[in-house]
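Visitor: One structure, as structure tokens, below. Some questions next.
The values are calculated or read from the model by the stated rules, or taken from the named source; none is laboratory data. Just so it is clear, the structure is predicted and the values come from calculations on it, not from any experiment. Cβ coordinates were reconstructed from backbone atoms using ideal geometry, including for glycine residues, and neighbour counts include every protein chain displayed. Side chains included, ligands, DNA and RNA excluded: accessible areas come from the protein's heavy atoms. Shrake-Rupley method; radii C 1.70, N 1.55, O 1.52, S 1.80 Å.
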Amino acid sequence: MPVATPAATMVIFRENPDGGAPLLLMVERIKAMAFAGGAAVFPGGKVDAADFDYAEMLGGPLPLDEAAARLAAIRETIEEAGLALGLTGVTDPADCDDARAALHDGESLQAVCSRHNWTPDFEQLVPWSRWRPPAFEGANRVFDTRFYLVDAGSSAPVATVDQTENRALFWASAAEALRCADDGKTKIIFPTRRNLERLAMFGSFETAAAHAAEHPVATVLTYVDKRDDGSWLCIPDGHGYPVLEESFGSAMRG
């Protein structure tokens with residue numbers, strides 16, 4: 001298998017003001033993006049060297065790669081949605097705007113947190129899954145992506161699109177996001193669809209987090225199953241997903 005680029009993404013929950021299933025934040029990527037162009041995804045991106053440096057400085061019980069991934073999810077969510085989650089000490093929304101601008105200018109998350117007296121709180125990020133596509137995706141586009149659940153609570157955090165990698169964002173329940181894709185209003189890639197189907201099983205952040213605790217994260221290695229009726233893109237059973245396959249022809253692979 002080719003070397004995969006480490007990445008991390010944050011699945012942000014907030015209570016639905018109308019009742020019912022919780023809302024999740026989705027961002028729509030610009031069509032010109034090489035990966036998942038035009039698709040609706042959860043905020044996230046690559047783990048960079050500065051994330052590893054910050055993780056090493058912080059220390060703690062988590063393995064270095066795990067801590068770095070959580071920092072990347074925090075950083076990317078600030079950059080892409082203007083939301084500072086997974087941190088303690090965040091009190092002024094204006095600080096989030098300053099942090100976002102600084103990160104876009106190349107400042108590290110460590111420097112941003114130091115200036116605003118923020119501290120990463122890794123316990124706020126609930127490990128959900130870890131995905132790695134097969135080799136056919138191409139070595140330059142293979143990502144080893146960790147997914148984390150984060151609870152934004154009952155408030156309505158003001159998320160704003162970055163207009164660089166993403167062109168729009170929206171809050172929707174997992175079932176609503178799937179309906180939007182099925183109706184052709186949005187596009188979703190294979191991992192996002194499978195995760196939305198799994199998330200749609202739960203009526204609250206607490207029940208989703210409890211389910212995650214019952215399914216310790218192990219890497220989901222997607223594979224292609226060639227059958228008489230064509231090729232199918234599949235994932236192994238045992239990771240907590242209700243749907244394990246999709247026709248290779250219909251699956252959007254990024």
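Visitor: For ALA50, which of the numbered conditions (1) among the hydrophobic types (A, V, I, L, M, F, W, C); (2) closer than 26 Å to ALA177 by Cβ; (3) outside any strand (DSSP E or B); (4) at pLDDT 95 or above fails to hold?
Guide: (2)
Visitor: Let me ask another. Pick out the one residue from THR164, THR186 that is open to solvent by 40 Å² or more (accessible area, probe 1.4 Å) and not in a helix (DSSP H, G or I). Quick ask: steps written out before the conclusion?
Guide: On the way: THR186 fails: open to solvent by 40 Å² or more (accessible area, probe 1.4 Å).
Of THR164, THR186, the one residue that is open to solvent by 40 Å² or more (accessible area, probe 1.4 Å) and not in a helix (DSSP H, G or I) is THR164.
Visitor: Looking at segment 230-237, is at least one residue over 24 Å from PRO43 (Cβ atoms), open to solvent by 20 Å² or more (accessible area, probe 1.4 Å), of a type outside the set (Gly, Ala, Ser) and assigned to a helix (DSSP H, G or I)?
Guide: no
Visitor: Hey, another quick one. Just a yes or no: is a residue in segment 216-227 buried (at least 17 other Cβ atoms within 10 Å of the Cβ), closer than 22 Å to ILE78 by Cβ and in contact with a strand residue (DSSP E or B) (Cβ under 7 Å, 6 or more places away or on another chain)?
Guide: no
Visitor: Turning to a different aspect of this structure: Suppose the filter is assigned to a helix (DSSP H, G or I) and of a type in the set (A, V, I, L, M, F, W, C); does ALA175 pass it?
Guide: yes
Visitor: Does segment 1-43 hold any residues that are modelled with pLDDT under 85 and of a type outside the set (A, V, I, L, M, F, W, C), and which are they?
Guide: PRO2, ARG29, LYS31, GLY37, GLY38
Visitor: Can you tell me which residue among LEU103, LEU83 is more than 25 Å from SER154 (Cβ to Cβ) and of a type outside the set (Val, Ile, Thr)?
Guide: Details: LEU83 fails: more than 25 Å from SER154 (Cβ to Cβ).
Within the list LEU103, LEU83, the selection yields LEU103.
Rundown of residues vs (1) at pLDDT 95 or above; (2) farther than 24 Å from LEU83 by Cβ; (3) out of contact with any Cys (no Cβ under 6 Å at 6 or more places or on another chain), yes/no style:
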| position | (1), (2), (3) |
| --- | --- |
| PHE143 | no, no, yes |
| GLY153 | no, no, yes |
| THR186 | no, no, no |
| SER204 | yes, no, yes |
| GLU214 | yes, yes, yes |
| THR222 | no, yes, yes |
| ASP237 | yes, yes, yes |
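Visitor: Within segment 77-111, track down each residue that is of a type in the set (A, V, I, L, M), assigned to a helix (DSSP H, G or I) and surrounded by 22 or more Cβ atoms within 10 Å (Cβ to Cβ).
Guide: Quick first cut of segment 77-111, residues of a type in the set (A, V, I, L, M) only: 78, 81, 83-85, 87, 90, 94, 99, 101-103, 109, 111.
Now drop any that are not assigned to a helix (DSSP H, G or I), which leaves 78, 81, 94, 99, 101-103, 109, 111.
If the condition is that a residue be of a type in the set (A, V, I, L, M), assigned to a helix (DSSP H, G or I) and surrounded by 22 or more Cβ atoms within 10 Å (Cβ to Cβ), then ILE78, ALA81, ALA99, LEU109 are the ones that fit.
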